[in-house]
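One structure is given here, and the rest of the page talks about it.
None of the figures in this text is laboratory data; all of them are computed from the coordinates on show. Model, not experiment: these values are computed from the prediction. Backbone-built Cβ (ideal geometry, glycine too); neighbour counts: all protein chains shown.
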Protein chains: 2
Amino acid sequence: MTEILKGACIIGQSGGPTSVINASAYGVIRTALDCPEITAVYGAAHGIKGVLDDVLYDMGKEDPEELRLLLNTPSSALGSCRYKLKDSDEDDTDYKRILEIFKKYNVRYFFYNGGNDSMDTCNKISKYMQKVGYECRIMGVPKTIDNDLFGTDHCPGYASAAKFVATTCMEIYLDARVYDTGMVTIMEVMGRHAGWLTAAAHLAAAEGMGPDLIYLPERDFDMDQFLADVKRIYAENGKCIVAVSEGIHDKSGKLIAEYGAENAPVDAFGHKQLGGLAATLANIVKGQLNCKVRGIEFSLMQRCAAHIASQTDIMESYRAGRSAVEFAVNGVTDKMVAFERSYDEAGNYVCNIKLLDLTEVANTEKKVPLEWINEAGNGLTDDFLAYARPLIAGEPDRKVVDGLPRFAKLKKVRAEG
Amino acid sequence: MTEILKGACIIGQSGGPTSVINASAYGVIRTALDCPEITAVYGAAHGIKGVLDDVLYDMGKEDPEELRLLLNTPSSALGSCRYKLKDSDEDDTDYKRILEIFKKYNVRYFFYNGGNDSMDTCNKISKYMQKVGYECRIMGVPKTIDNDLFGTDHCPGYASAAKFVATTCMEIYLDARVYDTGMVTIMEVMGRHAGWLTAAAHLAAAEGMGPDLIYLPERDFDMDQFLADVKRIYAENGKCIVAVSEGIHDKSGKLIAEYGAENAPVDAFGHKQLGGLAATLANIVKGQLNCKVRGIEFSLMQRCAAHIASQTDIMESYRAGRSAVEFAVNGVTDKMVAFERSYDEAGNYVCNIKLLDLTEVANTEKKVPLEWINEAGNGLTDDFLAYARPLIAGEPDRKVVDGLPRFAKLKKVRAEG
């Protein structure tokens, strides 16, 4: 039988936000507030930095209805950070401070909501607490639009971003071919090392309303081949729509986004004025084809467009947070909550929760399988469709007032130690 | 009593598309198909060019359910154009050809769905048909995200784009302040001469989740004042969010988007590689403030994001199309359908249909009233909120299959004359 561990918990958010990271936070907060083992629920301001700075918010003081609105509020409501802890063997200053804060508030549960780096943070804190003999259960709750976390079928946050990308590709497809004049459209999607999110453009293509060409960072990008691809399709139908990952690079590893950099102008202060990848490629294509070329960057919209989130993603994200708390109060520690896919007898997608060792998941990346990329390296296979389709299903049940979203407004009352 | 005019009708779409231009087209097509006076309903491929090229589609051959999906399908389903007719006194070649096609198909009704230029086209055709004594009723159905048509309270298409802008501003607001490090975000919104769409960012600001600064082309843009505004707000809270119209210009009339042009690099083919306004301003701010600056262009998304359209806009757009047909079969010609606002006894917004002379509306622009812009020229007043709020209300009742929009797929069967 599991020993009952009584004490407070901290929830922190870290890394780039998503449309649904707050759904996971809500899963943790709501469940923790309802757990008799957990004596107080604190939200750390800007992730681990809030712990180091002793800026914790008392979640018990929030209006339950506002907390519930976190399910549909994008970005990290508690604030995020990109702070990387040193190895405790090298410098244990931060760890001592964390221990001090944990003791001050009698923190016995720590939930960290983030990507690769955040799982590394979790893992390091956990190892330190074990070393110094401070009993504390530490759980990672994954999030990333990049979908690149190791060992999980998919990551909370990916599907909503993918749905934005696929929906927007369909809408842009219709817009970009409205005139009977030639036009090339280049859409830039986030993803430095993994092309999962750009691959979502293929969901639109499969509806007959998406890009003709899709390039992921999993394959080396060949400029000559790209230009030949664009010219061929443009010659066929006077239009060409392309989706590219921001991280595409040539075989030497050089980012294509940097191809314009040599000639980039320098401003009065000596700063290079770099355009994005879409602008760089648009300029190169414009130089070769005598037609209108438009570069479009999906920018922050792709990770914060909660209004077009996947309800499947929202509920799974919530569940990941809730499960982390349930496992922890039942004795589990040092794990990240992960997803395993199965299909029921009727062939419907089912998402099951599993646990991964933090050590296993920290700092490793999962990329799009090369066999899901077509031979020419400019599109995806049906395997990707089968993978992604169930994830984006379901419309968000969100609160709208007079046409605008009603997002959560937290009071953020400082905790008293 | 009105003389009954029996014959076919043509519907054409022109200019930049919107999220709801097809809702107006559906209003025309559905109503015309149901009118006993109208013997056939033809859709012109790419507006007036489809008439000149004799490429007309028989709308009676479309599946009624697919036609109905036009209510939520963005962009111009029939195709658009930016073709400007010459004055018939100078060159009547096009007019003779239009008359020939009208006679070939016995066209007695012509509905044209577009902005300023399209109303000019309508007007010219109408005058010519009167001159040559060919009986034909000609009606304009307005659309424009720019909201700059003269004489109407607002234009179909504006509210949906405004809702996208306001919603996206709120989402970006949350995302752009998630880290505890400094950041300036500059969002570029469409609108060359009129700032209506950029003003929609104020709807987000009024919710406490929008830009700190908003600049419209109705006022001269002063770079020094802008930089002072940004620095002041950045110094206050470490973040600054700005919305700008693409058409902002200095007092000499020079576009701010061209400020980067002198130093812009030239590619191998001699083309200047221009970034957009957001990138230009971001680079200028980056040169002055030592912090992260992000330029975001709302690009085509703001005019095609049908998934976040205003239901009020959809229904008004539909009604504009329907009314055009109803008026025409009842004897009206040479008019554009327009909107007049009133409020009922409970203070609720009511949209009434009125008619404007085509001559009156063609080629004139309506701008944001200067008294709705604050004194500093970097924000809007509450008058704008009262104006815009009722327009963006209502969520679109759209068809979604497995998480993706189900847009209309027309067969486009060529008409037989």
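Region B:194-251 to region B:298-356: how many Å between their Cα centroids? After rounding, the separation between the Cα centres reads 30 Å.
Checking the cross-link pairs B:84/B:251; A:409/B:231; A:231/A:251; B:49/B:86 against a 19 Å limit on the alpha carbon distance flags B:84/B:251; A:409/B:231; A:231/A:251 as lying beyond it.
Averaged over the residues of A:75-82, the number of partner chain Cβ atoms lying within 10 Å of the residue Cβ comes to 4. By the count of neighbouring beta-carbon atoms within 10 Å, fewest first, B:414, B:219, B:108 end up ordered B:414, B:219, B:108. Counting only DSSP beta bridges whose two residues both lie in chain A, roughly 35 percent are antiparallel.
Local charge for residue B:349 was computed over the other residues whose Cβ lies under 9 Å away, with Lys and Arg +1 and Asp and Glu -1, and equals +1.
Here the residues A:168, A:73, A:364, ranked from fewest to most Cβ neighbours within 10 Å of their Cβ, fall in the order A:364, A:168, A:73. Here the Karplus relation 6.51 cos²θ - 1.76 cosθ + 1.60, evaluated at θ = phi - 60°, turns the backbone of region A:221-235 into coupling constants of 8, 10, 4, 5, 5, 4, 5, 5, 4, 4, 4, 4, 5, 5, 5 Hz, with x for every Gly and Pro.
Distances between copies of residue B:354, taken at a point 7 Å out from Cα along the Cα→Cβ vector and listed shortest first: 6.7 nm.
Taking the C-alpha atoms only, the angle from helix B:116-132 to the longest principal axis of chain B is near 20 degrees.
If only the Cβ of Lys and Arg carry +1 and only the Cβ of Asp and Glu carry -1, the dipole of region A:25-167 around its Cα centre is close to 80 debye. Taking springs between alpha-carbon atoms closer than 10 angstrom, which of A:357, A:397, A:54 fluctuates most in the Gaussian network model of chain A? Looking only at A:357, A:397, A:54, the largest GNM fluctuation is found for A:397. The mean number of Cβ atoms from other chains found within 10 Å of a Cβ in peptide A:398-406 is 6, as a whole number. Taking the fewest neighbouring Cβ atoms within 10 Å as the starting point, the ordered list for A:215, A:343 is A:343, A:215. Derived scalar couplings between HN and Hα for region A:316-328 equal 5, 5, 4, 5, 4, x, 4, 4, 4, 5, 4, 4, 4 Hz in order, rounded to whole Hz, by the Karplus curve 6.51 cos²θ - 1.76 cosθ + 1.60 (θ = phi - 60°), x for Gly and Pro.
For the peptides B:277-285, B:330-338, the ranking by mean Cβ contacts within 10 Å, running from highest to lowest, is B:277-285, B:330-338. Bridging of residue B:354 to lysines at a Cα separation below 23 Å is possible for B:124, B:127, B:143, B:335, B:366, B:367, once same-chain residues fewer than 8 apart are set aside. Once the Cβ-Cβ distance of residue B:135 and residue B:96 is raised to the sixth power relative to R0 = 22 Å, the FRET efficiency obtained is 0.80.
The residue among A:70, A:105, A:321 whose Cα reaches farthest toward the positive pole of the charge dipole of chain A, with charges on the beta-carbon of Lys, Arg, Asp and Glu, is A:105. In this calculation the C-beta distance from residue A:87 to residue A:235 is compared with R0 = 56 Å, giving a FRET efficiency of 0.50. Sorted from closest to farthest, the other copies place their residue A:103 label points 10.0 nm away, with each point set 7 Å from Cα along Cα→Cβ. Placing a label point 7 Å from the Cα of residue B:376 along the Cα-to-Cβ direction, the distances to the matching points in the other copies come to 5.4 nm, shortest first. Counting Cβ atoms of other protein chains within 10 Å of each residue's Cβ and taking the mean over peptide B:157-169 gives 2.
The residues neighbouring residue B:309, those whose beta-carbon lies less than 9 Å from its own, together hold a net charge of 0 under the Lys/Arg +1, Asp/Glu -1 convention.
About the centre of its Cα atoms, the protein assembly as shown shows a dipole size close to 240 debye [charges on the beta carbon of Lys, Arg (+1) and Asp, Glu (-1) only; nearest 20 debye]. Here the dipole of chain B is about 1040 debye; that uses its Cα centre as origin and unit charges on the Cβ of Lys and Arg (positive) and Asp and Glu (negative). Taken one residue at a time, the phi angles of region A:364-375 give Karplus couplings (6.51, -1.76, 1.60, θ = phi - 60°) of 10, 10, 10, 9, 5, x, 4, 6, 8, 9, 5, 4 Hz. Gly and Pro are set to x. Each peptide in B:63-71, A:42-50, B:17-25, A:370-378 gets a packing score, the mean of other Cβ atoms within 10 Å over its residues, and the list from highest to lowest is B:17-25, A:42-50, B:63-71, A:370-378. Mean residue ellipticity, 222 nm, helices only, the protein assembly as shown: the sum of -39500 (n - 2.57) across DSSP H runs of n ≥ 4, divided by residue count and rounded to 500, is -10000 deg cm²/dmol.
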